Amino acid sequence: MILVQEIKQWDLTGKEIEYIPMTWEDRQRTRQRIKTKSGLELGLTLPTGTLLQPGDILHVEGNLAFIVATREEDVLVIKPDDWREAALVAHHIGNQHKTIAIESDGILVLYDFPLEVFLKKIKVTFQREFRPFNPHHQSHHP
């Protein structure tokens with residue numbers, strides 16, 4: 001097992017890339033084992049509070065670089081019709097301390113059945129999709 005204790009900048013000139021798809025939860029974990037497609041085992045022992053971002057290079061082994069990628073996740077894409085709906089939804093999600101991602105097509109939140117019920121009840125437009133979830137901030141409350 002190769003220990004990864006920090007995220008470094010590597011020269012990737014001439015390197016092959018192996019992407020390591022990770023969920024939002026996985027990218028927050030500073031201690032974990034990862035088995036790559038090529039069979040290499042990486043042991044992450046990153047500093048507390050490290051948040052892995054898509055594109056972070058975990059390790060380079062010979063001619064192969066191992067890079068973090070987002071994995072598709074079960075999300076709700078919420079599409080409020082106006083600022084009042086947006087404020088109501090944001091208030092409700094914030095009270096549950098859920099992490100969101102603001103995208104051009106809506107507010108993304110990891111799938112949650114009670115939230116789905118709430119959105120149906122207040123008649124806010126949303127759809128359930130599988131897509132990458134990559135919040136642009138670090139205010140997540142575990």
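Translational diffusion of the chain, estimated by Stokes-Einstein from the Kirkwood radius over alpha carbon pairs at 4 °C in a medium of 1.567 mPa s, is 77 µm² per second. Looking at this model, which pairs from LYS8/LYS37; LYS15/LYS37; LYS15/LYS35; LYS98/LYS123; LYS35/LYS120; LYS98/LYS121 are more than 28 angstrom apart at the alpha-carbon? In this structure, LYS35/LYS120 exceed 28 Å between Cα atoms. Go through LEU12, ILE57, ILE2 and say which Cα lies farthest out towards the positive end of the charge dipole of region 2-70; charges sit on Cβ, +1 for Lys and Arg, -1 for Asp and Glu. My answer, from the dipole projection, is ILE2.
Against the chain, whose longest principal axis is taken from its Cα atoms, helix 83-95 shows a tilt of about 60°.
The distance between label points at ASP26 and THR13 comes to 3.2 nm (points 7 Å beyond Cα on the Cα→Cβ vector).
Look at where the Cα atoms of region 104-124 and of region 1-38 average out, and the two centres are 32 Å apart.
Among LEU52, LEU88, a tally of other beta-carbon atoms within 10 Å of each Cβ gives an order, fewest to most, of LEU88, LEU52.
Cα-based values for region 72-132, radius of gyration first and Dmax second, are 10.4, 30 Å.
Just so you know, all these numbers are worked out from the coordinates, no wet-lab data involved. Fair warning: this is a prediction, and the values are worked out from it, not measured in the lab. Here the Cβ is made from the backbone with ideal geometry for all residues, glycine too, and neighbour counts use every protein chain on show.
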